[in-house]
Amino acid sequence: MAIRALASDDTHPCAAVAEPDERLACYDAAYSRPAAAPAPEQADDAVPAIANNEFGLSEAELRERDPERARAVLQSIEARVVAQRRRADGAIEITLDNGQTWLQLERTRSLRVRDGDRVTIRRAALGSFLLVTPARALIRVRRIT
């Protein structure tokens, strides 16, 4: 505490220095510069802090925190179907020309798309996605790759 009292004393020689940067340098020299705060430890594959703070929030919560984010989140994509595969459980996997593979979640409807068809996948309620066929049929899907 004695150092703090000396540093605020108007009789200290550094108090007479008019230029703020020079005055600070004078005090640093007189009382030794404080040690820098240690950097927080991070793993090599550390995720930026903001991403950690966002983990678990819904898109609506993220947009509420940052309204600009709404513009950054894609609402839909368009692509061509390059392959389809029926799985053992009856669901169909659809591979698109952008490399993504989507899984049909609703098996109550017949999925009528052919290789080469241009489809749209758009965001839907509660974080789900809908595949829109050329005939405008809607099928709930989930991205698997």
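Quick notes on this structure:
- Within the stretch 6-118, helices (runs of 4 or more DSSP H) holding 2 or more residues that are closer than 27 Å to L131 by Cα and either at pLDDT below 80 or open to solvent by 80 Å² or more (accessible area, probe 1.4 Å) (or both): 59-65, 69-72
- Checking each residue in the stretch 80-126 for being under 15 Å from L138 (Cβ atoms) and basic (K, R) picks out R107, R109, R112, R122, R123.
- Whichever residue in the stretch 125-138 is out of contact with any Phe, Trp or Tyr (no Cβ under 8 Å at 6 or more places or on another chain) and open to solvent by 30 Å² or more (accessible area, probe 1.4 Å) and, among such residues, is modelled with the lowest pLDDT: G127
- Whichever residue in the stretch 119-145 is among the hydrophobic types (A, V, I, L, M, F, W, C) and assigned to a loop (DSSP other than H, G, I, E, B) and, among such residues, is nearest to R85 (Cα to Cα): I144
The values are calculated or read from the model by the stated rules, or taken from the named source; none is laboratory data. All of these numbers come straight from a predicted model, not from anything done at the bench. Counting neighbours? That spans all protein chains shown, and the Cβs are built from the backbone with ideal geometry, glycine included. We work out accessible area using only protein heavy atoms, side chains counted, and drop any ligands, DNA or RNA first. Shrake-Rupley method; radii C 1.70, N 1.55, O 1.52, S 1.80 Å.
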